[in-house]
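Where a number appears in this text, it was derived from the coordinates with a stated rule and is not lab data. It should be emphasised that the depicted structure is a prediction, and the values quoted were computed from it without experimental measurement. No Cβ is skipped: glycine too gets one built from the backbone with ideal geometry, and neighbour counts run over all protein chains shown.
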Amino acid sequence: MSVATDMEVKEGVDQETVDAVREVGGTYKYGWDTEIEMEYAPKGVNPEIVRLISDKNDEPEWMTEWRLSAFKRWEQMAEPNWAMVDYPEIDFQNQYFYARPKSMVEKPKSLDEVDPKLLATYEKLGIPLKEQMILAGVEGREDAPADGRKVAVDAVFDSVSVGTTFQAELKKAGVIFCSISEAIREHPDLVKKYLGSVVPVSDNFYATLNSAVFSDGSFVYIPPGVRCPMELSTYFRINAENTGQFERTLIIADKGSYVSYLEGCTAPQRDTAQLHAAVVEIVLEEDAEVKYSTVQNWFPGDENGKGGIYNFVTKRADCRGDRSKVMWTQVETGSAVTWKYPSCILRGNDSQGEFYSIAIANNRQQADTGTKMVHLGTNTKSRIVSKGISAGVAQNTYRGLVSMHPKAKSSRNYTQCDSLLIGDKCGAHTVPYIEVKNNSSRVEHEATTSKVDDEQLFYCRQRGMDEEEAVALVVNGFCKDVLQALPMEFAMEAQQLVAISLEGSVG
Amino acid sequence: MSLAQTKEKATKERLTSMELPLKGWSASARSDAYDRLMGMGLPVRRDEYWKYTRPDAFTSADVPRAAVQEDNDAPIFDALDCHKLVFVDGIYSEEFSDGLSIDGVTLELLSSTSDVDIHWAKSLYGSLEKKGQKPVARPLAAFNSAFAQEGILMHVKKTPPKPISLHYVRESDVSDVMLHHVVKIDEGASITILESGDVAARCNMAIEAEIEKDGQLNHVRAQGRDHERNALTHIFAQLEEQSQFKSFCLTMNGVLTRNETVIEMRGDDGMAHVAGASVGDGDFHHDDTVFITHDALRGESRQVFKKVLRNGATGVFQGKILVKPDAQKTDGYQISQSLLLDDDSQFLAKPELEIYADDVACSHGSTSGAIDEEALFYLRSRGVPAEEATNLLTLAFLAEALEEVENQEISDVLNAHLEGCLKRGC
């Protein structure tokens, strides 16, 4: 599988970029599957299935009720059709909503008891579920600390969390990091208080479905004033065929805390498309800071568009406290269809939201992705940098909203989105919504190149570049900037993409 | 009730008391347009394309009353030498017009040709509107094609000696007018069409323009200071090889204005510039919606819109550049900017790109903000009174859009008009 090599690329597009994109669209490295005995819920979705999932997770009655009311609402809702994506109708009754390895029926008490086959799966994916210094010397990263760094991992396999590493060490710092099913049992007060408070149950079609049937996911609580001692991560793996994955992530960053959270995802290569509908909620209290990074590498389908993951995800951060800050960074290379808008509600005064995205669509992939920056508090700031690259016959859409409410005085937004087309059969689209309801705020959507950092420009000019050259360098360097915003653990993926520049972009 | 059902019901209700004028050459086009309208239904607030502007005033059975305002100024383009055609509440006035005869151009009225079965406009009337329904439905334009009472049919065979000025006068508080102009520009011919004044208490106007190879259409519209009126306009233009279309609109107040421009660049090397400047006060709501489709090589398009808003006014811009797969070497530019003079005003924008060709350059920018305090301070420190300084900076802000008007004489007239309005507080 590869992008047609005889594809004509217009002049001015950097060859390194074309090669890098081809590489990404080449053989899917994570397309193998794990042969393991699975236990499935009956196909389809109905109140019984919802109860069954709740039951499998040993949930209290309030949670079951919460799910059932969500299901009731979902039945009344229609699938959204406004995104620029096109896929055959999904038959929700002809797939599994719950699948877990048989070895997980009895919850392993520690990682040592986890089925070696599962451990081997993650090992093969490059995510060893061992409490060790990992990624000490990623190739080519001289700046990696010699003693390595710790990353706690919550590994989700189809519908269940297989295990979470470093829990004890995190506990010492007061950090709670566990699967959401465990949190519902062990920390019901926190879950009750925050679940659904950022993404309401009936937010949208897929979020509502997720609220009814989510099977597992990760839960993070960082207590006031704590800087999480290590990076946290969740690795999602879909393995079973014909099965949807519906995970739920809830991150609570209490006053003055900090956490960097990573998310990775892969799936085997299969002929039929599979559904992935996740919800991520982040709550930020005063002075809290959360960095959320994703490398989305779901199976994108083959070059004829067969198979692949339908990735319909709702991600939202609520900056409730003053001076809180959230940063979304995403590298989207996988999925047959992506529908994803990580958003920031900037409620607290002086809060900040940032969104950095590189979306690469090859073959028949379709991506409709972007962000919403909703400015409610005064003096709030947001920045959006989105790079969309399409090749083959792929379609890539940036869709975003910047909204300045009347009370969000003296707020600021800067948005830049560039698109690059490799070949003449693909498409790149931009659909920004801009709503400004007060006059002390400034909103700029791709204003002019003069908005490029003056200091950087000055530096380049000092070294003898003319202005145009300098601007080009700074703007095109941005892809690299997005990659540098990624935590080290994604260095491998990032390495693959650093060659990409947006030279010759269409708009 | 589903959205479709709600719409169908509302549309039927709206049309019950209306009679479709099915006579002569336009009958089949009107009946087609009627079917289109019934298929789409009149727009409602929940329609994505009407997200930022309420269509109610355009679709209601009753005409929102609009008191006629005293205006002692002479029509803005009277200062220019042009051939003037006047419509009073949508009815052509022989008395105030220069007549339907000018060198190089055939001028006829839609109403007076209604008995004829064969007419050159038959192939055009409603056809560009019909094409303009995809990919976004514009039911109010189909409504216009079906029911339009009057309009000018203009066949430009040779460049006329002077611009044609369409001036609208309103005398009724409840006039409800649908005008439909058809403009056909033959190869190599060019024309300047000016529009001024206010059509009616509620107006739904459509212009269909076909520009043949090397043809040129310059269109300048000044929507006047008639505050209470509701105005909806559509321009559908189709550009053949090396043809040019330029349109500029100046709007000074009006509770509700929606100007839609739909352009198809069909021939290679075409050029389309659409621009607008608006200044709004209070309950002013102004919506510029532009859709440019590039379907040929080396097309150039520009959209430049500037809005100054104060005392709670609302400005809307929905602009789109669609580049089809074979429209290589397209050069598309789009800028929408607002200057908010106070905290109550708002600017809502959706500057879209949809690109299917790889060797093109399309840029779109949108900004919104307050007046530059430093510039204001600079002027004030040099003794310019606050109000005057604000007006000066407002004019400077609008200048980029006004510069789109190439003809110096016309541009001077517009500038003087704008300056006068700002001084008086519109």
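Taking the C-alpha atoms only, the angle from helix B:3-15 to the longest principal axis of chain B is near 70 degrees. Treating each Cα of segment B:3-370 as one equal point scatterer and applying the Debye formula with no solvent, the log10 of I(q)/I(0) at q = 0.07, 0.10, 0.11, 0.15 Å⁻¹ comes out as -0.28, -0.59, -0.73, -1.47. Straight-line reach from residue A:172: taking Cα to Cα under 16 Å and skipping same-chain neighbours fewer than 8 places apart, the lysines in range are A:150. Distance from the alpha carbon centroid of segment B:125-194 to that of segment A:180-238 works out to 58 angstrom. With Cα atoms defining each centre, segment B:341-399 and segment A:76-130 are spaced 50 Å apart in the structure. Residue pairs exceeding 21 angstrom between C-alpha atoms, taken from B:157/B:246; B:122/B:162; A:255/A:387; A:56/A:340; A:291/A:381: B:122/B:162; A:255/A:387; A:56/A:340. One compactness figure for segment A:36-132 is 1.41, namely its Cα radius of gyration divided by 2.2 N^0.38 Å. Taking amide H as placed 1.01 Å from N in the peptide plane, the amide H of residue A:442 sits under 5 Å from that of A:411, A:412, A:413, each at least 5 places away or on another chain.
The ranking of B:16, A:333, A:338 from fewest to most other beta carbons within 10 Å of each one's beta carbon is B:16, A:333, A:338. Here the average projected area of the convex hull drawn through the C-alpha atoms of the protein assembly as shown stands at 40.1 nm². Counting only Cα atoms, segment A:345-465 measures 45, 40, 19 Å along its principal axes, largest extent leading. For residue B:184, list the aspartates and glutamates whose Cα falls under 16 Å from its own Cα; do not include residues on the same chain fewer than 8 positions away. The reachable aspartates and glutamates, counting only those whose Cα sits under 16 Å from residue B:184, are B:103, B:108, B:129, B:208, B:210, B:212, B:214, B:240, B:241, B:264. Rounded to the nearest 500, the 222 nm mean residue ellipticity of chain B from helices alone is -6500 deg cm²/dmol, with -39,500 (n - 2.57) taken per DSSP H run of at least 4 residues. Report, ordered by chain and residue number, the aspartates and glutamates lying within cross-link reach of residue A:29, taken as a straight Cα distance under 19 Å and ignoring same-chain residues fewer than 8 apart. Residue A:29 reaches A:19, A:123, A:139, A:158, A:241, A:263, A:271, A:302, A:303, A:332, A:489, A:493. Give the shape of segment A:162-250 as rounded, prolate or oblate, defined through the alpha-carbon gyration tensor: a ≥ b ≥ c are the square roots of its eigenvalues, a/c under 1.5 means rounded, and otherwise the shape is prolate if a/b is larger than b/c and oblate if not. Oblate.
What FRET efficiency comes out for residue B:4 versus residue A:424 if R0 is 30 angstrom and r is the Cβ-Cβ distance? Round to the nearest 0.05. In this case the efficiency is close to 0.20.
Residue B:73 versus residue A:272, label points 7 Å from Cα toward the beta carbon: distance in nm? Here the modelled spin labels are 6.9 nm apart. One compactness figure for segment B:1-157 is 1.22, namely its Cα radius of gyration divided by 2.2 N^0.38 Å.
Under a 5 Å amide H cut-off, with hydrogens placed 1.01 Å from N, residue A:38 pairs with A:102 among residues at least 5 apart or on other chains. Radius of gyration over Kirkwood radius for segment B:187-264, both on Cα atoms: the Rg/Rh ratio is 1.03. Say each of residue B:19 and residue B:377 gets a label point 7 Å from the Cα, pointing the same way as Cα to Cβ; how far apart are those two points in nm? Distance between the two pseudo-spin positions: 6.9 nm. Dimensions of segment B:258-341 from C-alpha coordinates, computed as largest minus smallest value along each principal axis and given longest first, are 46, 17, 16 Å.
Placing a label point 7 Å from the Cα of residue B:408 along the Cα-to-Cβ direction, no residue of segment B:216-253 has a backbone N closer than 11 Å. When the listed pairs B:51/B:306; A:43/A:72; A:409/B:329 are checked against a 30 Å cut-off, the alpha-carbon distance exceeds it for A:409/B:329. The residues A:104, B:205, B:38, when put in order of fewest to most other Cβ atoms within 10 Å, stand as B:38, A:104, B:205.
For segment B:81-172, applying the loop criterion from DSSP together with a ceiling of 14 other beta carbons within 10 Å to the GluC sites (Glu not before Pro) yields B:94, B:95, B:171. The string of couplings for segment B:408-423 from the Karplus curve (6.51, -1.76, 1.60, θ = phi - 60°) is 4, 4, 5, 4, 4, 4, 5, 4, 4, 4, 5, 4, x, 5, 4, 4 Hz, one whole number per residue in order, with x for Gly and Pro.
Loop sites by DSSP among the trypsin sites (Lys or Arg not before Pro) of chain B, restricted to those with at most 11 other Cβ atoms within 10 angstrom, leave B:66-381 as the longest stretch without any of them.
3J(HN,Hα) couplings calculated from phi for segment A:35-46 with the Karplus curve 6.51 cos²θ - 1.76 cosθ + 1.60 (θ = phi - 60°) are, in sequence order, 7, 8, 6, 10, 10, 10, 7, x, 4, x, 9, 6 Hz; Gly and Pro show x. Taking amide H atoms as placed 1.01 Å from N in the peptide plane, the amide H of residue B:22 has no partner under 5 Å among residues 5 or more positions away or on other chains.
Taken along the Cα-to-beta-carbon direction at a fixed 7 Å, the label points for residue B:396 and residue A:105 span 7.8 nm. Run through the DSSP bridge list for chain B and note the antiparallel percent, rounded to the nearest 5. Looking only at bridges with both residues in chain B, the antiparallel portion is about 5 percent.
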